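Engineer: Provided herewith is a single structure, encoded as structure tokens, for subsequent inquiry.
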Amino acid sequence: MPFQQPPLPFAMNAMKPFLSEEQLTYHYGKHHAAYFKNLNGLVEGKPEAGMSLREVVVQSTGPVFNNAAQAWNHSFYWDCISPDGGGEPKGDLAAALQRDFGGFAAFQKAMSEAAVKLFGAGWAWLAADKQGKLEIAPLGNADT
């Protein structure tokens, strides 16, 4: 079965005024969809076609990796935003941001700076290491 782009977890007009319906139509409907289309074309008839998207990201290189990773990155991104989101985190995340960045405002500043400094395309991720320490990972292009 070919890789399929998951549906958005919200309506195309739900993110106004931050993302317009036109922006979402382009970014989700054309840009993100193209990664799935390209990936399916690249893996058709090959062992990767029977793997999960995660497995393809972990095991592939070159154009297969680029399309699989961007398909995954974008899918993850859509699940990270919400029309009901925003504001300061609470609980364990708030405590971890305080511990590792000195608070939410300091984290926001560090994340924004990391994202702005990326040259070309890329992603700024908030990640936790094996000990649970938070770090910002600015990665270029399709890197995950």
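Engineer: Quick one: how many residues across region 1-47 are over 19 Å from Q70 (Cβ atoms), polar (S, T, N, Q) and open to solvent by less than 60 Å² (accessible area, probe 1.4 Å)?
Structural biologist: Number of matching residues: 1.
Engineer: Suppose the filter is out of contact with any Cys (no Cβ under 6 Å at 6 or more places or on another chain), closer than 30 Å to V56 by Cα, surrounded by 14 or more Cβ atoms within 10 Å (Cβ to Cβ) and free of Cβ contacts under 8 Å to residues at least 40 places away in the same chain; does L139 pass it?
Structural biologist: yes
Engineer: What single numbered condition from (1) of a type outside the set (A, V, I, L, M, F, W, C); (2) touching a His at 6+ places or on another chain (Cβ under 6 Å); (3) closer than 24 Å to Q131 by Cβ fails to hold for G91?
Structural biologist: (2)
Engineer: Tell me which residues, restricted to region 1-39, are outside any helix (DSSP H, G or I), more than 18 Å from C80 (Cα to Cα) and without any contact (Cβ under 8 Å) to a residue 40 or more places away in the chain.
Structural biologist: M1, Q4
Engineer: Starting from region 40-66, take each residue that is touching a residue at least 12 places away in the same chain (Cβ under 8 Å) and list its partners that are buried (at least 18 other Cβ atoms within 10 Å of the Cβ) and β-branched (V, I, T), counting only C-beta distances under 6 angstrom and pairs at least six apart or across chains.
Structural biologist: Matching pairs, first to second residue: L42/V64; E48/V56; A49/V43.
Engineer: Looking only at region 84-108, how many residues end up being assigned to a loop (DSSP other than H, G, I, E, B) and in contact (Cβ under 8 Å) with a residue 12 or more places away in the chain?
Structural biologist: 2
Engineer: For region 56-63, does any single residue satisfy the condition of being outside any helix (DSSP H, G or I), closer than 23 Å to L8 by Cα and of a type outside the set (F, W, Y)?
Structural biologist: The answer is no; no qualifying residue exists.
Engineer: Would you call S75 within 13 Å of the chain's Cα centre (by Cα) and open to solvent by less than 30 Å² (accessible area, probe 1.4 Å)?
Structural biologist: So S75 passes the test.
Engineer: I'm trying to understand the selection: among the residues of region 48-66, which are buried (at least 17 other Cβ atoms within 10 Å of the Cβ) and of a type in the set (G, A, S)?
Structural biologist: Residue satisfying the conditions is S60 alone.
Engineer: Within region 80-114, count every residue that is at pLDDT 95 or above and either in contact with a Pro (Cβ under 7 Å, 6 or more places away or on another chain) or of a type in the set (S, T, Y) (or both).
Structural biologist: Summing the residues that are at pLDDT 95 or above and either in contact with a Pro (Cβ under 7 Å, 6 or more places away or on another chain) or of a type in the set (S, T, Y) (or both) in region 80-114 gives 4.
Engineer: In region 116-135, what count of residues is obtained for those that are under 23 Å from A71 (Cβ atoms) and open to solvent by less than 50 Å² (accessible area, probe 1.4 Å)?
Structural biologist: Final tally of qualifying residues: 6.
The values are calculated or read from the model by the stated rules, or taken from the named source; none is laboratory data. Note that this is a predicted model, so its numbers are computed, not measured. No Cβ is skipped: glycine too gets one built from the backbone with ideal geometry, and neighbour counts run over all protein chains shown. Side chains are part of the model used for accessible areas, which takes the heavy atoms of the whole protein and leaves out ligands, DNA and RNA. Shrake-Rupley method; radii C 1.70, N 1.55, O 1.52, S 1.80 Å.
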